[in-house]
Every structure is written in C-alpha cells, then in structure tokens.
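Beneath this line is the structure, given in structure tokens, with notes to follow.
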Amino acid sequence: MNQSKFPKQSDGQRVAFIQSGWHRDIVDQCRIAFVAELASLGHLPDALDLYEVPGVFEIPLLAQTLARSGRYAAIVASGFIVNGGIYRHEFVSTAVVDGLMRVQLDTEVPVISAVLTPQAFHEHDEHRRFFREHFLVKGREAARACWQTLGTMARLAAAA
C-alpha cells in the first residue's frame, strides 16, 4: 500500500499491542505481521510494547489500564474467539468488542481491534492454516489502521 496515503505521526508515539494466549499459533501471526508492517511504515520498534493476556476476555481491562496510564497514543488488541459448541463465544465477543469501544470512548486513546470470531472454526489443519494466514492479513491491516489513526490524532492535536 502507498505510504503517502498515510499521514505522518509525531515522533515518540507509543503503541501497545495486546494479544490473547488462546490459539497462540494463530494469534501470533497477527502480532508478527503488525510489528513488521508498522516498522515498514516508519514506526520505531522501541516505541511498541507487547502484552499478552490468557484469553480475549482479559483484553479490555488491560487496554483500559494502559490507556489510562497516559503512556500510549494507541492500543491494538488481537485475539481469536471460537465457537466451542456451548454458545459462549457470542457473549464473549460482544463483551470484548463493547469493552474495547468503551475504552477508546472513555479515554480518547484509539483502540484498534483485531479480535476475530469466525463463524466456523474446527481444530484441523485446513482451518488452522487458513486462520494463520488470515491473521497475517489482519495484522497488516491493524498496523495501517493504527498508523493512519495516529497521524489523524496528531494532526488534530496540532490544530487545537
């Protein structure tokens, strides 16, 4: 993607990346692609902090704590919520996404979500391969969204 489409960010803007530990082999792909893409856009690697929580349900609380710390210009969350056959995934998905939205609205720190809930996921090689590749795409997309949002927020702050 053309980097000139993205506004320049201010130097030193810290970003936090939170990922869940469940389905690590899949979710790791998002982090790997996010870090690489953000660096290719010009974000300094030492201005990125990585965090891990056990599951997606724990992401909003850590996101809120990090946002309220005043240390981060943006927070990115990544996780994988699967249907385990007990209907819980829909409640968890709603709670997590609503929690992340609340964090950004309450703190004015942008929160980018790469927390995904597939309609169907089965523990076999084909699905695992598909979602590992999909999380690579989502990691790159999250990095570009983060970069663009940082630039927009920096421009708004400068104009104030």
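The values are calculated or read from the model by the stated rules, or taken from the named source; none is laboratory data. Small disclaimer: the values here were computed from a predicted structure and weren't measured. For neighbour counting, all protein chains shown are included, and Cβ atoms are generated from backbone atoms with ideal geometry for every residue, glycine included.
No other residue among ALA36, ALA74, ALA67, ALA63 is at pLDDT 95 or above and in contact with a Cys (Cβ under 8 Å, 6 or more places away or on another chain) apart from ALA74.
Of the residues making up segment 51-66, those that are touching a helix residue (DSSP H, G or I) at 6+ places or on another chain (Cβ under 7 Å) and of a type in the set (A, V, I, L, M) number 4. Residues in segment 13-49 that are in contact with a helix residue (DSSP H, G or I) (Cβ under 7 Å, 6 or more places away or on another chain), within 28 Å of ASP125 (Cα to Cα) and among the aliphatic types (A, V, I, L, M): ILE18, ILE26, VAL27, ILE32, ALA33. Inside segment 104-144, residues that are crowded, with 17+ Cβ neighbours inside 10 Å, assigned to a helix (DSSP H, G or I) and modelled with pLDDT of 95 or more make up a count of 10. Would you pick out the residues in segment 58-78 that are more than 17 Å from ALA154 (Cβ to Cβ), of a type outside the set (A, V, I, L, M), surrounded by fewer than 23 Cβ atoms within 10 Å (Cβ to Cβ) and touching a residue at least 24 places away in the same chain (Cβ under 8 Å)? Selection gives GLU58, GLN64, ARG68.
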